[in-house]
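*Asks:* Here's a structure for you.
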């Protein structure tokens, strides 16, 4: 079909309008381009999409990479999932009838949190078993009375490490290493660190006993002294208290039996003297010690 343009703004015979041309193109199945009123095209669509690049499409999906290969991801097989492991049963560390240092520590720790009210002895008896049962029950653990690994770890987490005085709050602490001044002659070897008096002759131990000392306000003096006076039934004129089996070594300070020490233990203190609580032991010591025998008091 021939199309003639009009001249001078008047459409001539046989001329077809721009709108008619668009209708004809649509009917022929072609994509119509936008037509300006002056007959020119505007905004021609480029093949391949709106980004102007040949062959690209706005809706085209990117090619899958090697990591996105659907065959590379396999769903877990529920039948192959491992079953949770059963925890191993708690191992028993201590039980009734045991006797050692760890039992003593157990008792000292239970004593810290008011589950054990006796002095640590190192012997796992009925009272220790009951204390452990109470501790276990309070924390939802099986009340076996035996100290297993779980019970022990819970107790460790709740308490501090016991001191030597905690472990031997009732006495019986092993004597400290003798001071070198105690190794010759007849000596009352008194160690504050272990709270013990060891009667020694020429470096050999004859007997050992628990002792306690003065408070911070009336401390027991340290140093080397000698027994200058013995008084079997002595009574203090300063404090009006009995001082049986007194062996004086420095002023008014003496080694003597104390009924208060025997009754209350380390909850109290002396006025500077060295108190002994075992009356039989000090009676024997009093019979052996002579005036002039050495007294060594050290930390």
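Just so it is clear, none of the values below were taken in a lab; they were calculated from the coordinates. This one's a predicted model, so the numbers in the text were calculated from it and none came from an experiment. So basically every Cβ, Gly included, is an ideal-geometry build from the backbone, and we count neighbours across all protein chains shown.
*Asks:* Take every Cα pair under 8 Å in the range 83-176 that's 6+ residues apart, average their separations, divide by the length, and report that relative contact order as a whole percent.
*Replies:* Relative contact order here is 33 percent.
*Asks:* Rounded if a/c is under 1.5, else prolate if a/b is larger than b/c, else oblate: which is the range 162-228, with a ≥ b ≥ c the root eigenvalues of its Cα gyration tensor?
*Replies:* In terms of gyration-tensor shape, oblate.
*Asks:* Assuming a viscosity of 0.890 mPa s and a temperature of 25 °C, what translational diffusion coefficient in µm² per second does Stokes-Einstein assign to the range 120-263, Rh being the Kirkwood radius over Cα pairs?
*Replies:* D, rounded to a whole number, is 132 µm²/s.
*Asks:* Could you tell me the relative contact order of the range 180-298? Use alpha-carbon pairs under 8 Å, at least six residues apart, and round to a whole percent.
*Replies:* Relative contact order of the range 180-298: 31 percent.
*Asks:* Fewest to most neighbouring Cβ within 10 Å: what's the order for 278, 202?
*Replies:* Ascending Cβ contact count within 10 Å gives the list 202, 278.
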